[in-house]
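Enquirer: Structure incoming, see below.
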């Protein structure tokens with residue numbers, strides 16, 4: 001990612017008097033053009049990087065410039081290392097490990113033990129259970145496309161099962177709830193869209209480059225419009241007690257309301273009711289069905305009927321002659 005690359009370049013320049021742009025490009029697996037753009041960003045941040053021409057030239061810090069280690073406090077270093085460790089669990093590159101080692105090297109020897117203790121207090125593991133499969137390849141391609149502002153093309157499979165060919169200008173990779181998305185300008189629709197990486201196939205980098213326009217990440221554009229009063233439906237679910245832990249994981253302990261259910265011929269049982277707002281689509285039906293017989297839709301009636309219909313169709317698959 002760009003932040004760890006910028007930090008890596010600065011640390012390399014601090015530790016070495018001069019380095020070739022091509023060496024930096026090979027080291028971080030980007031183009032020389034990207035390196036020079038990074039150098040410009042570093043200069044704008046107030047760290048004077050200069051280019052020395054000639055056969056023995058290269059890129060280095062201005063003579064006499066020294067980055068004081070105390071520009072960053074221990075707590076700030078801990079925050080950076082913790083963030084890098086977290087990102088590396090799902091978006092790992094050789095540069096991450098190198099950068100983590102360099103960040104550790106900044107810490108004085110007398111403070112190393114305390115620093116290691118602090119960076120192990122809070123662990124965020126964003127990786128899924130099991131193997132990632134083709135996801136790593138897609139992330140690697142899209143990372144290059146974003147950094148080099150190159151268009152990409154792919155076949156996209158929608159939630160409704162429709163396949164369309166897309167050509168987009170990739171802006172941002174988004175990790176949301178253990179799922180990777182690409183936020184990009186769709187050239188066919190001329191609108192920014194969010195594409196789930198798992199739904200992409202035949203992903204290809206194009207030679208054509210685009211001019212990146214400013215976007216406001218602070219507004220979290222991928223959150224807007226997903227759950228609004230106009231697009232959402234209030235769903236009331238009742239969970240069996242054996243699935244209480246699943247309900248707590250999804251909806252939080254405090255969201256569950258316990259109630260006693262009385263059924264003819266059976267002992268009273270405690271169940272757990274939760275009310276949530278979700279957009280009504282195929283994802284919602286699949287989400288409810290993922291709990292199997294441990295959940296019942298109480299409201300609204302039409303979703304209750306839809307789940308019943310889908311469940312009956314599933315039963316017919318396994319009992320075709322019934």
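The values are calculated or read from the model by the stated rules, or taken from the named source; none is laboratory data. From a predicted model like this one, the values you see are computed outputs, not experimental measurements. Methodologically, a virtual Cβ is constructed for each residue, glycine included, from the backbone with ideal geometry; neighbour enumeration extends over all protein chains shown.
Enquirer: Pairs needed: first member in region 272-289, assigned by TED's automatic domain parsing to the domain that holds residue 236 and in contact (Cβ under 8 Å) with a residue 40 or more places away in the chain; second member anywhere, surrounded by 14 or more Cβ atoms within 10 Å (Cβ to Cβ) and part of a helix (DSSP H, G or I); C-beta distance under 6 Å; at least 6 residues apart or different chains.
Expert: Pairs found: 278/284; 288/307.
Enquirer: Got a number for residues in region 239-274 being out of contact with any strand residue (DSSP E or B) (no Cβ under 8 Å at 6 or more places or on another chain) and not in a helix (DSSP H, G or I)? Talk me through it step by step, then tell me what you get.
Expert: In the first step, residues of region 239-274 are kept if they are out of contact with any strand residue (DSSP E or B) (no Cβ under 8 Å at 6 or more places or on another chain); the result is 242, 245, 248-250, 252-254, 262, 264-267.
Next, from what is left, pick out any that are not in a helix (DSSP H, G or I): 252, 262, 264-267.
Adding up the residues that qualify gives 6.
Enquirer: Pick from region 24-48 the residues that are free of Cβ contacts under 8 Å to residues at least 12 places away in the same chain and in a helix (DSSP H, G or I): which of them is nearest to residue 62 (Cα to Cα)?
Expert: Among those that are free of Cβ contacts under 8 Å to residues at least 12 places away in the same chain and in a helix (DSSP H, G or I), it is 43.
Enquirer: Related question: Go through the residues of region 257-270 one by one and say whether even a single one is modelled with pLDDT of 90 or more, surrounded by 14 or more Cβ atoms within 10 Å (Cβ to Cβ), out of contact with any helix residue (DSSP H, G or I) (no Cβ under 6 Å at 6 or more places or on another chain) and over 26 Å from residue 174 (Cβ atoms).
Expert: no
Enquirer: Moving on. Determine, yes or no, whether residue 78 is modelled with pLDDT of 70 or more and under 27 Å from residue 212 (Cα atoms).
Expert: Details: modelled with pLDDT of 70 or more: yes; under 27 Å from residue 212 (Cα atoms): no.
No: the conditions fail for residue 78.
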